[in-house]
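Trainee: To start, I am sharing the structure in question, which I have written as structure tokens.
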Amino acid sequence: MNSTSFRGHSRFLDLLLGVGAVAAVVSGGGSLAARASAPALMPVTSYRSASCGCCTGWVKHMRANGFTVRDVVVADVGVVKRRLGVPARLASCHTAEVAGFALEGHVPAADVKRLLQKRPPVAGLALPGMPLGSPGMESAYGKEAFTVMAFTRTGAISSFSQHAK
Amino acid sequence: MTTPLRRRQVLGLGLAGLGTAVVGPVLWDRVQRSAARAQPAGAARLASRGGLADLELVAQATRGTLPGGPAELLTYNGRSPGPLLEVNAGDRVRLRLRNELKQPTNLHFHGLHIPPTGTADNVFLSVPPGGSFDYEFTLAKDHPAGLFYVHPHQHGLSADQVFGGLSSALVVRGDLDRIPEVAAAKETVLVLKDFASASGQEAAMGVGRMLGREGPLLTVNGAINPGLAIPSGGLLRLRLLNASNARMYRLALEGHSLVLIATDGGAIATPEPLDELLLAPGERADVLVQGNQTPGSYRLLNLPYQRSGHMGMAAAEDAPRTLATLSYAGTVPPLPLPKALIPVPALPKPERTRRFVMAHAMGTGMGGMKHDMGAMGGGGMAMGGMGMGFVINGQAFDPDRIDTRVALGSTEDWLIVNDDVMDHPFHLHVNPFQVISRAGRPESQRRWKDTVLVKAGEEVRIRVTFRDFPGRTVYHCHNLDHEDLGLMGVLQIE
Ligand SMILES: [Cu+2]
């Protein structure tokens, strides 16, 4: 199973911690330094399925930008998405929580920081799908323009930030 | 023989010069240039005569209109879908491809059992802008009758070109067409294709290349909700081709069963009535519809389908959408369904089993990135790697690397494993295969297939004999964005 070898790192850690279906990995190169340099940032909890090949890239992006991230592997991310009220049409692969806000998909750290500063009356931010070139989706195949959306508990959706190609 | 559709609303293809007044400056420039060259749309059907098919397809950008505004569509001979190509088993086929696009293109003869080399189904050749190529091959006298699919296979541009509108259905006449009950049916080829909206806004909503682009506009033979006619008592043979880039079709016809008589590679052994038919990109199916209901109108529906293991991802529509409308017209003495079709023999015992694991990942290949991913900081790509994309057994497509070598004449089982959060329709060129089992459950009936849907997290076992033709070819995901993003491998038959 060559295809999973590059994802083996985090799976291996999950097994070591031995917490069964739900395993938390609070670790990672650089996160200590990042925490020291940005102590005000709220901790992030990220939920993903074991078979997703891009969610850890976003976790690394968040850590590199000063966030402390719990990387949690769950059997069904859909349960988390429903609990946090992520509208189905905005769904991506992983779902995260920070300071009571939902973060769906590969939302850039800069947008999360602006969310935490401004605290708009929304339930969270979502970057639907998995746009090439978004954090954790860097690719030699190209970049896509994308729009980060904000959504409310009642399902109202608005544009939060636009990212050109 | 083919029933023309009554077009309620037809895309404005081949109508260069009659376009709309409101055109943005950038598009205007392109439209001007393509309109200046545009020719009237060619014939809707090109057929062989006396054992020779002498065909020409001109790939071009054509000014068209979509609901919501003008658009530049990609066409063969000014049409999308391109002309219906109709040949007989045993025919000599000469097909000149003229490339009037601004980028290279080529052709793949999806499903045909012909050589993967030379002037036949050679997807490694490329026709430059302004160039042309003469494809030439002979279909075996016993080539199965079926519905096949001609489309571009230019690596890196396949999805753009197919999503833009390039495709033609190819009918091979033969054994199945001679079964009396099938011959008595009225026949209609239905090319199912979605288009982006004129604004293309949906890409910003996340239905991008990683999931595979879908468009909100559903068309059948380039028309929106065309009418189909059936006489009371009659039989209608619907020949369905999913020519979309990534969209799945979960088809149902109100009030009627879809009686399956053929899959990708030709006839099945016994007709099989279905309430629903799932068709992945690249797949085909022939179904018979019996005009045995109260005369009236019935909708051919596309039912919601979730093609990602993740709730909501990949823009599942939450309500059925109408593709076409079947109306009763006239009466004929009742036509029976065929009792038996054409046997599908069991393949020999496999000599070996291989395993192919499909996933999206920070891929290796194209330079062989091999190092600790932890060292990549923000998850970016490193020198030599492709970064995020799709892989088979950990490797992204590299045309210069042979991934799988098989012996000519041998039979193998391939276990196709989807270790991903989204569906992947797996397609093999040149040789049809049979699905042995899905998720460990044996298939109920043998069928000839060249494309099989492997759902997120699922495993499918296929069996294939590499007959007749040595050479180099490919297997890949037929979500064409995935193919372009690396989900393809090279097969050497020797
Ligand atoms: Cu795929």
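Trainee: Would you mention how many residues in the range B:176-211 are modelled with pLDDT of 95 or more and part of a helix (DSSP H, G or I)?
Mentor: Going through the range B:176-211 one residue at a time, the tally reaches 8.
Trainee: If you don't mind, there's one more thing I want to ask. From the list A:131, A:135, A:120, pick out the single residue that is more than 10 Å from chain B (Cβ to nearest Cβ) and in a loop (DSSP other than H, G, I, E, B). I'd like the intermediate steps shown before the answer.
Mentor: On the way: A:131 fails: more than 10 Å from chain B (Cβ to nearest Cβ); A:135 fails: more than 10 Å from chain B (Cβ to nearest Cβ).
Result of the check over A:131, A:135, A:120: A:120.
Here is a yes/no grid of residues against (1) in a helix (DSSP H, G or I); (2) crowded, with 24+ Cβ neighbours inside 10 Å:
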| site | (1), (2) |
| --- | --- |
| A:79 | yes, no |
| A:82 | yes, no |
| A:85 | no, no |
| A:96 | no, yes |
| A:125 | no, yes |
| A:159 | no, no |
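Trainee: Name every residue in the range A:38-77 that is of a type in the set (Asp, Glu) and either assigned to a helix (DSSP H, G or I) or surrounded by fewer than 19 Cβ atoms within 10 Å (Cβ to Cβ) (or both), in order of residue number. Spell out how you get there, then give the answer.
Mentor: Restricting attention to the range A:38-77, the residues satisfying the condition of being of a type in the set (Asp, Glu) are A:71, A:76.
Once the filter is applied, which keeps residues that are of a type in the set (Asp, Glu) and either assigned to a helix (DSSP H, G or I) or surrounded by fewer than 19 Cβ atoms within 10 Å (Cβ to Cβ) (or both), the range A:38-77 yields only A:76.
Trainee: Still on this model: Which of the numbered conditions does residue B:468 fail, given that it passes all the others? Conditions: (1) part of a loop (DSSP other than H, G, I, E, B); (2) over 30 Å from residue B:176 (Cβ atoms); (3) at pLDDT 95 or above.
Mentor: (2)
Trainee: Of the residues B:409, B:457, B:489, which single one is within 16 Å of the ligand (Cβ to nearest atom) and either within 22 Å of the chain's Cα centre (by Cα) or without any contact (Cβ under 8 Å) to a residue 60 or more places away in the chain (or both)?
Mentor: Going through B:409, B:457, B:489 in turn, just one is within 16 Å of the ligand (Cβ to nearest atom) and either within 22 Å of the chain's Cα centre (by Cα) or without any contact (Cβ under 8 Å) to a residue 60 or more places away in the chain (or both): B:489.
Trainee: While we're looking at this one, here's another question. Applying the selection to the range B:415-435, what residues are outside any loop (DSSP other than H, G, I, E, B) and within 16 Å of the ligand (Cβ to nearest atom)?
Mentor: Scanning the range B:415-435 gives B:416, B:417, B:418, B:422, B:424, B:425, B:426, B:427, B:428.
Trainee: Here's a follow-up. Mind counting the residues in the range B:212-248 that are part of a strand (DSSP E or B) and either more than 16 Å from the ligand (Cβ to nearest atom) or within 14 Å of chain A (Cβ to nearest Cβ) (or both)?
Mentor: Here is the first cut: in the range B:212-248, the ones part of a strand (DSSP E or B) are B:217-220, B:223-224, B:227-232, B:235-242.
Pick out the ones that are also either more than 16 Å from the ligand (Cβ to nearest atom) or within 14 Å of chain A (Cβ to nearest Cβ) (or both) and you get B:217-220, B:223-224, B:227-232, B:235-241.
Final tally of qualifying residues: 19.
Trainee: Could you please find all residues in the range A:134-150 being surrounded by fewer than 23 Cβ atoms within 10 Å (Cβ to Cβ) and either modelled with pLDDT of 95 or more or polar (S, T, N, Q) (or both)?
Mentor: Passing the criteria: A:147, A:150.
Quick grid of which residues meet (1) touching a Cys at 6+ places or on another chain (Cβ under 8 Å); (2) over 30 Å from residue B:490 (Cβ atoms); (3) at pLDDT below 95; (4) outside any strand (DSSP E or B):
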{"residue": "B:294", "(1), (2), (3), (4)": "no, yes, no, yes"}
{"residue": "B:312", "(1), (2), (3), (4)": "no, yes, yes, yes"}
{"residue": "B:319", "(1), (2), (3), (4)": "no, yes, yes, yes"}
{"residue": "B:329", "(1), (2), (3), (4)": "no, yes, no, no"}
{"residue": "B:338", "(1), (2), (3), (4)": "no, yes, no, yes"}
{"residue": "B:360", "(1), (2), (3), (4)": "yes, no, yes, no"}
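Trainee: Quick one: is residue B:474 within 16 Å of the ligand (Cβ to nearest atom) and farther than 18 Å from residue B:242 by Cα? Lay out the reasoning, then the answer.
Mentor: On the way: within 16 Å of the ligand (Cβ to nearest atom): yes; farther than 18 Å from residue B:242 by Cα: yes.
So residue B:474 fits the description; yes.
Trainee: Considering the range A:85-97 alone, what residues qualify as being over 20 Å from residue A:146 (Cβ atoms) and at pLDDT 95 or above?
Mentor: Of the residues in the range A:85-97, the ones over 20 Å from residue A:146 (Cβ atoms) are A:85, A:97.
Result: A:97, single match.
The values are calculated or read from the model by the stated rules, or taken from the named source; none is laboratory data. Remember, predicted model here, so these are calculated numbers, not experimental data. For neighbour counting, all protein chains shown are included, and Cβ atoms are generated from backbone atoms with ideal geometry for every residue, glycine included.
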